[in-house]
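The values are calculated or read from the model by the stated rules, or taken from the named source; none is laboratory data. These numbers come from a predicted model, not from an experiment. Backbone-built Cβ (ideal geometry, glycine too); neighbour counts: all protein chains shown.
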Amino acid sequence: MRASISLGRIAGIKVGINASVFLIVAILVVGLATGQLPAAYPGRSIVAYVIAAIIAALLFLGSLLAHELAHSLVARRNGVEVESIVLWLLGGVAQLRGEAKTPGADFRIAIVGPLTSLALAVVFGLAAGGVAMLGSAGLPFGVLVYLAATNAVLAVFNLIPAAPLDGGRVLRAALWQFRGDRHAAAVNAARAGRILGFVMIALGVLQVVTGRGLSGVWLALIGWFVVSAATAEEQQARLGGRIAGLQVGHVMAARPTVLDGNLSVADFIAQVALTHQYSTYPLVDPYGRLTGLVTLNRVRAVPPELRATTRLQEIACPPNEVPTARPEEPLVELLERMHGCADGRAVVVDEAGRVVGVLSASDVARALQLADLRSFDPYPAPSGADLTSR
Ligand SMILES: [Zn+2]
């Protein structure tokens, strides 16, 4: 899930929203302002309903953010780096770099999210009680009750033991703990996720058929997402099992041909491309540190008349967008990051940041073929998703 709009950093963690959040906010605001609130508290002006609904929707997003922050902070404390938090149409995602190293850490990272939502439900519930005791059981009370209820639903729904929900992570951690096989545990949690997703789709379709239109479509949509996320997780877990134990350094092409970014495209073609067998060339500074990545695909995109005047640096994938890894890093962790502008390549650097290797999809494919010829200890790897059920 990509963030379309950055909200800056909280506790050092990048927070962003996907544009699809505006759709869920609109759905929540319209539903509350024209349905639930007027039904429960009749006789107010439409402006009052809309303001109350907007406050409720924003506080709900804030609650979701708190849930994801809890996952992220506990992940960090357990040695798992956090890429970013993104809020989107169906909820929130704390995108982690890599995986928990022990079942205990896996469990703690997962469980803290629902616990946070549960705590928020209690806080909003108590606040609603306080407002009621002060004698004003109007719209503020309604908003607080709504927030208590949605947070409680968020906690309970996400505890269903099926990947990619938090409950699926808890199930994975438990199976991993008791059977000692992380890979098989992840596969089982993902299978439970597929079953859950199909059940949700079926229930959603049933609701549509029986005339409860929108909520059925919504349920089916979430079910479809759960099925596809669970399927991807199962594949990744199986893949992780196949290449477990392999390090980046085992698979990379060592000592790649590195270039100066000031070389023109024309000179590159004449002096390098036609005489080397590689398709990927890291650009480096005088110290050997990465300044960009050029692939033949990128070179081919330069029109012939511009080749003499275009420098490699100008067409390179910038260094902050090239996936990089150290040779001793598990291959499975790098695979999770192998996207972006580098045409499916990654660059391997040493502790001083100097380029020591490159890794391409074909290197990985070869490693997989070799892995099938041997046996490895299992060890998989996906990232979570929190879903709102309304
Ligand atoms: Zn969660």
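Some notes on this structure:
- The residues on offer are Phe157, Phe141, and the sole one that is touching a strand residue (DSSP E or B) at 6+ places or on another chain (Cβ under 9 Å), in a helix (DSSP H, G or I) and more than 17 Å from Val74 (Cβ to Cβ) is Phe157.
- When Val170 is tested against (1) out of contact with any Gly (no Cβ under 8 Å at 6 or more places or on another chain); (2) buried (at least 17 other Cβ atoms within 10 Å of the Cβ); (3) not in a helix (DSSP H, G or I), only condition (3) is not met.
- When Val258 is tested against (1) modelled with pLDDT under 90; (2) in contact with a Pro (Cβ under 9 Å, 6 or more places away or on another chain); (3) within 30 Å of Tyr278 (Cβ to Cβ), just one condition goes unmet, and that condition is (1).
- Boolean, Gly240 is outside the structural domain of Asp363 (by TED's automatic domain parsing) and buried (at least 16 other Cβ atoms within 10 Å of the Cβ): yes
- As a summary of the residue check, Glu321 satisfies the conditions (1) more than 23 Å from Gly240 (Cβ to Cβ); (2) more than 22 Å from the chain's Cα centre (by Cα) except for the one numbered (2).
- Flag if Val123 is more than 16 Å from the ligand (Cβ to nearest atom) and at pLDDT 95 or above: yes
- Subset of the stretch 274-313 (residues that are on the phi > 0 side of the Ramachandran plot and either modelled with pLDDT of 95 or more or buried (at least 19 other Cβ atoms within 10 Å of the Cβ) (or both)): Gly292
- Qualifying residue in the stretch 136-148 (condition: touching a Ser or Thr at 6+ places or on another chain (Cβ under 7 Å) and away from the ligand (no atom under 16 Å from the Cβ)): yes
- Residue in the stretch 236-251 that is farther than 24 Å from Leu359 by Cα and either within 21 Å of the chain's Cα centre (by Cα) or among the hydrophobic types (A, V, I, L, M, F, W, C) (or both) present: no
- Ala155 at pLDDT 90 or above, within 23 Å of Ala119 (Cα to Cα) and either assigned by TED's automatic domain parsing to the domain that holds Ile24 or over 24 Å from the mean Cα position of the chain (by Cα) (or both): yes
- None of Arg77, Arg108, Arg97 is more than 15 Å from the ligand (Cβ to nearest atom), basic (Lys, Arg) and at pLDDT 90 or above except Arg77.
- Matching residues in the stretch 39-83 - criterion: being of a type in the set (Phe, Trp, Tyr) and surrounded by fewer than 22 Cβ atoms within 10 Å (Cβ to Cβ): Tyr41, Tyr49
- Among the residues of the stretch 51-74, those that are more than 16 Å from the ligand (Cβ to nearest atom) and under 23 Å from Val153 (Cα atoms) comprise Ala52, Ala53, Ile54, Ile55, Ala56, Ala57, Leu58, Leu59.
- Considering the stretch 180-204, the residues that are among the β-branched types (Val, Ile, Thr) and either in contact with a helix residue (DSSP H, G or I) (Cβ under 6 Å, 6 or more places away or on another chain) or outside any helix (DSSP H, G or I) (or both) include one that is modelled with the lowest pLDDT, namely Val187.
- Only one of the listed residues (Gly125, Gly98) is of a type in the set (Gly, Ala, Ser) and surrounded by fewer than 18 Cβ atoms within 10 Å (Cβ to Cβ). That residue is Gly125.
- With respect to the conditions (1) touching a residue at least 12 places away in the same chain (Cβ under 8 Å); (2) over 12 Å from Met252 (Cα atoms); (3) in a helix (DSSP H, G or I), Thr309 lacks only one, and its number is (3).
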